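Below: one structure, written as structure tokens.
The values are calculated or read from the model by the stated rules, or taken from the named source; none is laboratory data. Predicted model only: the values in this text are computed from it and were never measured. Neighbour counts run over all protein chains shown; Cβ positions are idealised from the backbone, glycine included.
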Amino acid sequence: MDLLKELPVEFFFVVLAIAGGVARYLNGYTSGIPFKLGVFIASAMAAGFSGYMFAVLGQTMNLPETMLFVMAGTGGFFGEQTMKLILEKVTKKTRD
């Protein structure tokens, strides 16, 4: 268990983000969308990236660590919508 303490917190952001993306994909599967391994893997990778970016956005806003974990999972679940939100936030900050 000491190994878990040595891992950076960002590792857990990615894990939670992937879990959020998997939950979204499986939710679609239970709704009748056929399972495709390639789409599943691509969805998990995109979720990991978007959830990680969402958590990093929270870090830059100095949010509590618990909230960062929530943001990572939520960001992974919402995937593409998360990336659009981040792009809007960054664009607004760079234009001001």
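Restricting attention to segment 1-21, report how many residues are in contact with a Phe, Trp or Tyr (Cβ under 8 Å, 6 or more places away or on another chain) and either more than 13 Å from ALA72 (Cα to Cα) or aliphatic (A, V, I, L, M) (or both).
The qualifying residues number 3.
I'm told ASP96 meets every condition in (1) modelled with pLDDT of 90 or more; (2) farther than 20 Å from ARG24 by Cβ except one. Can you identify the failing condition by its number?
Tallying (1) modelled with pLDDT of 90 or more; (2) farther than 20 Å from ARG24 by Cβ, ASP96 fails exactly one: (1).
Mind listing whichever residues of segment 46-70 are aliphatic (A, V, I, L, M) and touching a residue at least 24 places away in the same chain (Cβ under 8 Å)?
ALA46, ALA47, MET53, ALA55, VAL56, LEU57, LEU68
Quick test for you: out of ALA55, ALA72, ALA47, pick the one residue that is in contact with a Lys or Arg (Cβ under 9 Å, 6 or more places away or on another chain), within 20 Å of PHE11 (Cα to Cα) and modelled with pLDDT of 90 or more.
Within the list ALA55, ALA72, ALA47, the selection yields ALA47.
Tally the residues that are among the hydroxyl-bearing types (Ser, Thr, Tyr) and touching a helix residue (DSSP H, G or I) at 6+ places or on another chain (Cβ under 7 Å), restricting the search to segment 55-96.
Matching residues across segment 55-96 total 2.
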